[in-house]
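We did not get these values from a lab; they are worked out from the coordinates using the rules stated. Given the structure is predicted, the values throughout are model-derived calculations rather than measurements. Here the Cβ is made from the backbone with ideal geometry for all residues, glycine too, and neighbour counts use every protein chain on show.
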Amino acid sequence: MVRLRRHKVGYVVLLAVAFVLAMIAGYTALGRQIDADAYDWMFRLRPQPPPATESALLAIDDASLNQLGGIRKIRAMLAEGLERISLVSPKVVAIDLTLVEAGEPEDDRRLEAAMRKTPGLVLAAEMLPGGGGWQEPWEAFRRTAAAVGHVHAAPDELDGINREIPLEKISGRTRHWALSLEAYRLSRGGLRIVESPGEMRVGDMVIPAAREDSRSIFIRYLPSGPDGVPGIPRVSVRDLLRDSSAAERLRGRAVFVGVTAQSAARDRLMTPVASLLPMPGVEIHAHAFETLRTGRFLTSAPNLSVVLACALLVAAAGAMFAFVSGWPAYVLGAALLLAAHAAPFIMFGADTVFPFTAPVSAAWLSVVGAASYQHFVVRRRLVKTEAERARYQQAVHFVTHEMRTPLTAIQGSSELMSRYNLSDDKRKQIAGLIHSESRRLAKMVETFLNVERLSAGQMELRREPFSAPEIVAACAERARPLAEKKQIRLQVGEVVDQTLVGDRELMEYAVYNLINNAIKYSPSETEVTVTGHRQSGLFRLTVRDEGIGMDENEIKNLFQKFYRTRRAIASGESGTGIGLSIVEQIVTHHGGRIEVESEPGKGSRFTLVLPATVTAGTGGREV
Ligand code: ADP
């Protein structure tokens with residue numbers, strides 16, 4: 001029972017360790033990186049069907065820069081582009097360029113005029129490094145804009161891939177909404193943004209962006225179409241200025257203007273979709289706009305739900321291997337692993353970002369841990385019962401062999417008596433022999449039965465007072481002939497006058513066994529001493545010999561049924577190896593214990609430690 005409970009505690013501790021390790025794994029840099037990679041992978045594996053986009057890019061690409069005067073003429077380019085766009089009534093125009101100070105007066109004047117004619121114009125502000133405020137657009141341009149938005153994407157600090165965008169940025173005393181959010185708000189007729197700690201509302205749209213996360217949202221990047229056609233339609237400034245029909249592709253759209261030229265765009269970032277080529281910032285903002293517009297937000301699963309899911313996985317693995325055995329348990333374990341791997345993927349389909357590392361490592365650690373624990377514990381138990389069975393068989397062999405001796409004697413004697421006319425003396429002698437041999441036989445059978453009954457808990461203990469010195473004397477008397485035969489001095493030393501309470505017969509059996517063993521396992525011309533004294537409320541009865549002794553390992557196995565030491569077998573003394581296991585059970589049933597000290601070749605000392613509840617003479621209780 002105790003062993004079973006210990007097994008259970010060990011199992012639960014193992015599962016708890018698996019859980020804690022999985023949690024730790026989930027929070028390490030490696031775990032988070034794996035989560036991020038799994039996110040990208042799921043992203044690519046589950047592309048959304050490209051919806052009809054509402055945004056478009058007006059790209060200042062390499063061709064534009066090459067043919068329209070390079071980066072220095074960018075304002076002139078922009079001015080002309082805006083003039084063209086305003087003819088095709090865009091919803092909004094968001095410009096992802098930092099126009100912080102005055103440039104060439106002529107270009108600036110033209111640009112300012114074009115901006116004034118542009119409906120829903122959003123300009124870009126950039127945070128000063130170190131968070132000391134903003135680089136706002138130049139005042140002349142600022143006045144023409146309907147809004148100013150920040151242009152910071154938030155690349156992952158681990159791998160630099162851009163998955164999220166903070167919709168809010170605060171620096172100094174000023175806060176800016178993201179360029180994409182401002183563009184979205186204006187494209188819906190200039191709706192107000194209503195904030196609460198956990199989310200934001202723009203008109204009917206609820207954006208699950210919490211204040212504590214800088215109002216970050218995952219960007220649902222649109223996949224590229226076939227042949228690399230980008231998810232967001234793109235018009236080059238050069239084409240716009242050359243060809244009036246190009247402007248038609250921007251009609252009625254939310255136009256995001258920015259540099260896409262590889263040579264000039266410094267805000268390019270890797271994204272989950274374009275894993276080879278970094279994406280220009282302006283395109284990222286357009287994707288963020290589309291995410292806001294379609295309202296299909298990905299949200300992170302709450303931490304508590306991740307912890308609970310992992311705990312559930314561990315508990316399920318534990319239960320499977322505790323209650324199911326054999327291959328069905330392994331099948332269930334495999335199913336659990338599959339579920340743990342599939343869960344993030346399925347959740348992703350339901351727009352929830354669930355981490356990968358924590359649940360998957362929880363499942364693996366607990367399944368492997370539980371399976372090996374059960375495997376080894378069950379195996380160990382099996383090996384143990386096998387060994388016990390082998391020993392039992394040996395003992396049965398021995399017993400049947402032993403029984404044959406008295407049986408033969410009885411058989412022979414009774415035959416003698418019936419066949420021949422014997423003298424009275426002879427008859428008495430033979431009858432005496434039959435009597436003693438049948439008693440020996442009965443004793444042997446009884447011993448065997450006692451073991452079985454005691455271990456099955458069927459044996460009843462009597463509770464009667466008896467005197468310790470008396471049973472010691474009785475046992476010594478019984479053992480004396482054996483001692484004399486082996487020329488061993490059996491000494492009963494001082495035994496205090498102690499009354500014990502319990503089963504006298506069983507206690508006598510125990511004491512006799514110890515004395516008997518001491519004599520059996522000692523050479524001649526040695527001494528066996530029995531003493532008894534009281535010590536801190538306990539009665540200690542010691543049997544000491546100068547015999548063959550045992551080593552530490554042997555002492556550990558001593559009380560197992562049918563165990564005999566190699567030295568004992570070699571000594572030629574017959575035995576079954578069950579006496580001590582009975583002694584131990586008797587003593588524990590009396591609330592005591594047995595102590596053994598021994599050294600090979602030097603001798604052994606067995607001590608029965610029993611509660612000395614009743615003291616002889618006074619009849620009172622000892623404290
Ligand atoms: P048995 O004596 O019938 O073999 P026990 O259960 O009484 O069985 O003892 C188990 C084993 O413990 C013995 O076989 C012997 O190896 C060892 N043992 C017991 N008592 C002694 C002792 N006094 N000295 C050395 N070995 C002992």
### Task
Write out the trypsin sites (Lys or Arg not before Pro) in segment 134-182 meeting two conditions: DSSP loop, and at most 10 other Cβ atoms within 10 Å of their Cβ.
Arg173
### Task
Mind checking which lysines have their Cα closer than 21 Å to the Cα of Lys117? Skip sequence neighbours fewer than 8 apart in that chain.
Lys73, Lys91
### Message
Please list, by residue number, every one of the GluC sites (Glu not before Pro) in segment 474-535 that is coil in DSSP and has at most 13 other beta-carbon atoms within 10 Å.
### Response
Glu525
### Task
Averaging sequence separations of C-alpha pairs under 8 Å and six or more residues apart, then dividing by the length of the chain, give the relative contact order as a whole percent.
12
### Query
Hey, got the dipole for the chain? About the Cα centre, +1 on K and R Cβ, -1 on D and E Cβ, debye to the nearest 20?
1280
#### Entry: Built amide H within the under 5 Å cut-off of Leu298, gap 5+
Phe218
### Using θ = phi - 60° and Karplus 6.51 cos²θ - 1.76 cosθ + 1.60, couplings along segment 139-152 (whole Hz; Gly, Pro as x)
3, 4, 6, 3, 5, 7, 8, 7, 7, 10, x, 7, 10, 9
### Task
Compute the signed sum of charges (Lys and Arg +1, Asp and Glu -1) over the other residues within less than 15 Å, Cβ to Cβ, of Glu106.
-1
### Task
Counting helices only, and only those DSSP H runs with n ≥ 4, report the 222 nm mean residue ellipticity of the chain as the sum of -39,500 (n - 2.57) divided by its residues, in deg cm²/dmol to the nearest 500.
-16500 deg cm²/dmol
